[in-house]
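To start, the structure itself, in structure tokens.
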Amino acid sequence: MTLDPNIQTELEAAAFRRLLNHLDERKDVQNIDLMELAGFCRNCLSKWYMEAAQERGLDVDKDTAREMVYGMPYEEWKARYQTPR
């Protein structure tokens, strides 16, 4: 099936938003668990987001990208949800 490029982008964006929502609902899943099982984590997603923005000439820094992925400042998320290992 060949999709219109705009529709494909919309579908990919919707899937990404759903992934972020799923991760937000599963705060019990730690980044280390994601890294061990899937080979990526929330920090990876925020890095990829930042890089994609920068490739398009947008000034998105690491903290802004992390807040987009985590739904709050990273330090706040760590204080609330990160468990000691």
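Let me check something: with ligands and nucleic acids excluded, how do K27, K78, K47 order by accessible area (1.4 Å probe), largest to smallest?
K47, K78, K27
Ratio of Rg to Rh for the chain, alpha carbon only, Kirkwood?
Radius of gyration relative to Kirkwood radius: 1.02.
First select every other residue whose beta carbon is under 12 angstrom from the beta carbon of L3; then total the charges, Lys and Arg +1, Asp and Glu -1.
Cβ neighbours under 12 Å give a net charge of -3.
For the stretch 9-85, what does the accessible surface come to per residue with a 1.4 Å probe? Please give it in Å².
72 Å²
Of all accessible surface on the chain at a 1.4 Å probe, what whole percent is carbon and sulfur?
52 percent
Using Cα pairs under 8 angstrom and six or more residues apart, how large is the relative contact order of the chain, in percent?
Working: 45 pairs, mean separation 19.9, N = 85.
Result for the chain is 23 percent.
Within the stretch 53-85, which residues have the backbone N less than 16 Å from the label spot 7 Å out from D33 along Cα→beta-carbon, could you tell me?
Within reach of a label on D33, which here means backbone N under 16 Å from a point 7 Å along Cα→Cβ, the stretch 53-85 contributes 78, 80-85.
With θ set to phi - 60° and the Karplus curve 6.51 cos²θ - 1.76 cosθ + 1.60, what are the ³J(HN,Hα) couplings of the stretch 71-85 in order, to the nearest whole Hz, using x for Gly and Pro?
x, 5, x, 4, 4, 5, 4, 4, 5, 7, 10, 6, 9, x, 10
Using +1 at the C-beta of Lys and Arg and -1 at the C-beta of Asp and Glu, which of N6, L58, N21 has the Cα lying farthest in the positive direction of the dipole of the chain?
With unit charges placed on the Cβ atoms, the residue in question is N21.
In nm, to one decimal, how far is the E55 label point from the F40 one, both placed 7 Å along Cα→Cβ?
Label-label distance for E55 and F40, simple model: 1.2 nm.
The values are calculated or read from the model by the stated rules, or taken from the named source; none is laboratory data. If you're wondering where the values come from, they're calculated on a predicted model, not measured in any experiment. Methodologically, a virtual Cβ is constructed for each residue, glycine included, from the backbone with ideal geometry; neighbour enumeration extends over all protein chains shown. Heads up: the accessible areas ignore ligands, DNA and RNA and are worked out on the full protein's heavy atoms, side chains in. Shrake-Rupley method; radii C 1.70, N 1.55, O 1.52, S 1.80 Å.
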